[in-house]
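Peer 1: Take a look at the following structure, please.
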Amino acid sequence: MNEPAALRRMTNLARRNGRRPRELRRIEIVRGYTKSAPGSVLIRAGDTWVLCTASWESSVPAWKKGGGTGWVTAEYDMLPASTHQRRQRSRAKLDGRTQEIQRLIGRSLRAVVDLSALGENSVLIDCDVLQADGGTRTASVTGAYVAMCDAIRFAKSQKWLARSPIRHAVAAVSVGMVGGKALLDLDYDEDVVADVDMNVVMTGNGEFVELQGTGERSSFTRSQLDRLVRLAAGGIGQLFVIQQRALRSRLR
């Protein structure tokens, strides 16, 4: 959609599928989506689809060896046909956006893991965007948590771990000011015309891992910031319920 048309539509608050301002897109988490990785999740957030896998490695990076603690890290990329215009593969060097997002995913997961309980083992997360319609980084965090939980369950079943090192859940969502209204879980058409765009990552005990807020078209007030944070917290609370429901379901 071209920008003027998107802006007119958002100004009239005609959200896709009739969503209300405080309503998430339809979220679906499918566990066991591939067979090889001990943790494998397809998360669908509206028309954004991300494959999140979690692999186990019985070692840690060289700089952590001998310290007795583990590591959780992430890689992220968008497949060439995930957007309307084909993206080049990141073969030689990652662009700044990709590096930023995979560091965000890694930080978010480490925030809820007791690395000492992990021992000198690593959980390696890969988030591959199959289809993008906004919110790929937040969907990656939310799906990667479930994939990590399954990888930890597998490690426990193999007696590689005595107990789970996961302390809390973690999830993320976008919020923004669009046409003077605070909206939850922006799709691409909303994100591209947002006056203010924010990504929020929170843990299950109500703490924040990250707030990434930007005045894209205008500055914003403290009141608007507080409103957006409250809106995000409510959406993330819903995501925690969806994550737990998925983790109680049967593997595919």
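Here, each number is a calculation from the coordinates, and none is a lab measurement. Please read all numbers here as calculations on a predicted model, not as lab measurements. In this analysis, Cβ positions are derived from the backbone assuming ideal geometry, glycine residues included, and neighbour counts consider all displayed protein chains.
Peer 1: Starting from the Cα of A117, step 7 Å toward the Cβ, then list every residue of the range 147-191 with an amide N under 16 Å from that point.
Peer 2: Output list for this probe position: 148-157, 159-170.
Peer 1: Quick check: the angle from helix 222-248's long axis to the longest principal axis of the chain, C-alpha only, nearest 10 degrees?
Peer 2: Once rounded, one gets 50 degrees.
Peer 1: Which residues does the label zone of E207 cover in the range 142-179, counting backbone N under 17 Å from a point 7 Å along Cα→Cβ?
Peer 2: Label zone hits: 165-172.
Peer 1: Take H84, H168 and order them by how many other Cβ atoms sit within 10 Å, fewest up front.
Peer 2: Ranking H84, H168 by Cβ neighbours within 10 Å, fewest first, gives H84, H168.
Peer 1: So which residue, out of A37, A155, A62, gets the largest mean-square fluctuation from a GNM of the chain using Cα contacts under 10 Å as springs?
Peer 2: Among A37, A155, A62, the largest mean-square fluctuation in the Gaussian network model of the chain belongs to A62.
Peer 1: Between T98 and S36, what is 0.36 nm times their sequence separation minus the Cα-Cα distance? Round to one decimal in nm.
Peer 2: The span from T98 to S36 would gain 19.9 nm if fully extended.
Peer 1: Expressed as an acute angle from 0 to 90° and rounded to the nearest 10, what is the orientation of the C-alpha long axis of helix 96-110 relative to the principal long axis of the chain?
Peer 2: Value to nearest ten degrees: 60.
Peer 1: For T214 and R167, what is the calculated FRET efficiency with R₀ set at 35 Å and r taken between the beta-carbons, to the nearest 0.05?
Peer 2: 0.70
Peer 1: As a check on your grasp of the helix formula, calculate [θ] at 222 nm for the chain: sum -39500 (n - 2.57) over DSSP H runs of n ≥ 4, divide by the residue count, round to the nearest 500.
Peer 2: The helix-only estimate for the chain comes to -10000 deg cm²/dmol at 222 nm.
Peer 1: Loop only by DSSP, 12 or fewer other Cβ within 10 Å of the Cβ. Give me the trypsin sites (Lys or Arg not before Pro) in the range 123-214 that pass, ordered by residue number.
Peer 2: K159, R163
Peer 1: Taking a spot 7 Å from the Cα of L247 along the direction of its beta carbon, which residues of the range 90-134 have an amide N less than 15 Å from it?
Peer 2: 109-114
Peer 1: Filter the GluC sites (Glu not before Pro) in the range 119-222 down to the DSSP loop ones having no more than 13 other Cβ atoms within 10 Å, then list what survives.
Peer 2: Loop-located and lightly packed - E207.
Peer 1: Per residue and in cubic angstrom, what volume does the convex hull of the Cα atoms of the range 107-204 have?
Peer 2: 91
Peer 1: Angle check, please: helix 136-157 long axis (alpha carbons) against the longest principal axis of the chain (alpha carbons), in degrees 0 to 90, nearest 10.
Peer 2: Helix 136-157 sits at roughly 20 degrees to that axis.
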